[in-house]
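All of the numbers you see were taken from the coordinates with simple rules; none came from a lab. Here the structure is a predicted model, which means the values were calculated and not measured. When we count neighbours, we look across all protein chains shown, and the Cβ atoms used for this are built from the backbone with ideal geometry, even at glycine.
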């Protein structure tokens with residue numbers, strides 16, 4: 001048995017394209033409307049830029065790119081879900097914010113192996129809810145830069161870009 005199957009969790013939920021996603025509420029700092037971002041030269045495509053959050057510089061990750069989904073249209077404005085990681089706060093740019101829900105441990109399943117590497121690398125698992133599946137994301141893995149770009153070193157985190 002894993003930790004997820006032994007306890008109930010409260011999850012802050014959101015949508016990216018048609019995916020229903022969640023992060024443990026204890027990892028969520030706040031939710032904001034779109035913030036002005038400053039581009040970072042030579043940053044990986046997943047890094048939308050940096051935002052100034054009341055004096056704290058926070059990396060904004062485009063969740064569509066992070067999950068290998070089609071790019072958001074220019075007319076679509078994302079929301080910021082700011083999450084806490086070991087390396088500091090990171091803003092996830094998502095399509096729509098959902099509700100805080102409680103999931104039961106007996107609803108948990110490990111992630112299926114048929115997902116793409118980018119999607120699989122960010123998941124803790126899947127919760128089978130009454131009317132849909134919620135993918136539980138790992139904020140530490142989301143903030144990890146994949147070695148897809150020549151600019152950061154393999155294993156470097158997004159927090160390293162602005163520290």
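Touching a residue at least 24 places away in the same chain (Cβ under 8 Å), assigned to a loop (DSSP other than H, G, I, E, B) and touching a strand residue (DSSP E or B) at 6+ places or on another chain (Cβ under 6 Å), is that true of residue 29?
Details: touching a residue at least 24 places away in the same chain (Cβ under 8 Å): yes; assigned to a loop (DSSP other than H, G, I, E, B): no; touching a strand residue (DSSP E or B) at 6+ places or on another chain (Cβ under 6 Å): yes.
So residue 29 does not fit the description; no.
Which one is surrounded by the most Cβ atoms within 10 Å (Cβ to Cβ) among residues in region 54-94 that are out of contact with any strand residue (DSSP E or B) (no Cβ under 7 Å at 6 or more places or on another chain) and assigned to a strand (DSSP E or B)? The selected residue is 85. Over 15 Å from residue 22 (Cα atoms) and under 12 Å from the mean Cα position of the chain (by Cα): is that true of residue 106 in this structure? Taking the combined requirement at face value, the residue does not satisfy it. The number of residues in region 6-21 that are outside any strand (DSSP E or B) and in contact with a strand residue (DSSP E or B) (Cβ under 8 Å, 6 or more places away or on another chain) comes to 1.
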